[in-house]
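Please read the structure below before turning to the comments.
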Amino acid sequence: MNGLIGVAYLPHGTMTLDPNRDDLPNGAQSLHESCMKISEKIAELNPDVIILLTPHGINLHQAFNVYQPNISNSKASGNAEWNNQWTDYSVDINLDGDISQDLYLYLKQRLPRVEGMLAFGGLSVPLRWGEVVPLYFTLHQLALQKQSNAIPLKHISIQSQPKIVIIAQPAKGTTNEEKESYRIEQRSILVEFGRLLRSWCNQASYRILLVISGDQAHTHEWSSQLPLIYQPDPTCFSIFPQSGTESAKLFDEFIQDWITGKRSQSENKLYCLDDKILINQAGNIEKFALSCGYTGSLTMQGVMENELIQNQVDHASEPIHPSANWLLTNFISCHPTYYGMMAALYIRNVVK
């Protein structure tokens, strides 16, 4: 089966990387375990191409940024440094210029604001936590299969298969007026972007995994007893109050209901991603909740629009429904500190 075979929604909080730290907040280890289980299933899927969407890459204001289209032998590398920690976790990959070019031209003809980035003369692209953390989990099991022992890796190096394409989601703008205007506009633009991604994948002759990097509400309550590396920067205390906001919990609940179909499952246990929950409910409070993953969620709405999904996380014992287009096989959501994190994996079901 070619085309889109899986969609992984992965967090980029660095605390998920090392489960052996003795100072981890509650929930971080569970997130790590879930991400590693997703990594194992990705290895079983054995994708030819991975498309990563990042909200924290080299972003353009109100435009999509496709990395290095039509550039051969372009490398992308970086570590997961955050607060001078996690520098030993790193990723080193090659970007596929041919596939990036094809996707770039396809999108450019159909969306008003799509650009292609040519960095450093086409030689190399820096990566940070917004790309390194989800790529680490995406590629971990695939990289592990290439070595003779089963020791977990901290440095991931993939030079040929699978091929990698990176797209940075649009930044909202530079002024408060621009940001507020684009906050509404992006709801339709990003959903349409997802529809176009899906149509491009449908005509592809290879197996594609879409990976969405994103965290959830950033205004949850947090404890001053946590190590400083897990607290917001003191200059941001007015934005991320220690007591949290009502919007944070509600936003994450909306996203959980949307992604798992909690409120929209039919009698046959199938559901579609509900745009009313995502756009009208979560979208109306996102500016108070502050979620860097919301752009990826809007894209995923377009990618999986009107597709029937079966939740195997909550109904693992039930047989696969023959009408299900997708299987939700893994899901976790929690907020170890001031920001929430979520991990989920959808696998394409071959409808018989």
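What follows is calculated from the coordinates using simple rules that are stated; it is not laboratory data. For clarity, every value in this text was computed on a predicted model and none was experimentally measured. A quick note on method: Cβ atoms are made from the backbone with ideal geometry, for glycine too, and the neighbour counts reach across all protein chains shown.
Take Phe193, Phe288 and order them by how many other Cβ atoms sit within 10 Å, fewest up front.
Phe288, Phe193
Quick one: 3J(HN,Hα) in Hz for the range 93-104, Karplus 6.51/-1.76/1.60 with θ = phi - 60°, rounded, Gly and Pro as x.
Those phi angles translate into 9, 9, 8, 8, x, 5, 5, 4, 5, 4, 5, 4 Hz.
I want to verify the translational diffusion coefficient of the range 79-200 in µm²/s; compute it with Stokes-Einstein, Rh as the Kirkwood radius over Cα pairs, at 20 °C and 1.002 mPa s.
Result for D is 127 µm²/s.
Assuming a ≥ b ≥ c are the square roots of the Cα gyration tensor eigenvalues, decide whether the range 234-345 counts as rounded (a/c under 1.5), prolate (otherwise, with a/b larger than b/c) or oblate.
prolate
If we sort 110-123, 295-308, 313-326 on the protection proxy, mean other Cβ atoms within 10 Å, highest first, what's the order?
Highest mean packing first, the order is 295-308, 110-123, 313-326.
For the range 15-42 and the range 60-132, compute the distance between their C-alpha centroids and round to whole Å.
Comparing the Cα centres of the range 15-42 and the range 60-132, I get a distance of 25 Å.
Among Ser90, Ser205, Ser199, Ser100, rank each residue by its count of other Cβ atoms within 10 Å, from fewest to most, as a rough exposure measure.
Ranking Ser90, Ser205, Ser199, Ser100 by Cβ neighbours within 10 Å, fewest first, gives Ser205, Ser199, Ser90, Ser100.
Averaged over all directions, how much area does the convex hull of the C-alpha atoms of the range 226-300 cover when projected, in nm²?
The directionally averaged projection comes out at 6.2 nm².
Given Cα pairs under 8 Å that are at least 6 residues apart, what percent is the relative contact order of the chain?
Reported relative contact order: 25 percent.
Which three numbers, in whole Å and largest first, are the semi-axes of the equivalent ellipsoid of the range 3-348 derived from its Cα gyration tensor as √(5λ)?
26, 24, 23
Would you mind checking the pairs Lys108/Lys172; Lys37/Lys146; Lys108/Lys262; Lys75/Lys146; Lys163/Lys287 and listing those with alpha carbons more than 25 angstrom apart?
Lys108/Lys262; Lys163/Lys287
Could you give the nm distance between label points at Lys269 and Lys75, where each point is 7 Å from its Cα heading toward the beta carbon?
For Lys269 paired with Lys75, the spin-label model returns 4.8 nm.
Suppose only helical runs count, i.e. DSSP H with n ≥ 4. What mean residue ellipticity at 222 nm does that imply for the chain under -39500 (n - 2.57) per run, divided by all residues and rounded to the nearest 500 deg cm²/dmol?
-10000 deg cm²/dmol
Considering Cα pairs under 8 angstrom that are at least six residues apart, work out the relative contact order of the range 227-350 and quote it in whole percent.
Relative contact order, the range 227-350: 22 percent.
Considering only the chain, what is the antiparallel percent among its DSSP beta bridges, to the nearest 5?
About 40 percent, rounded to the nearest 5.
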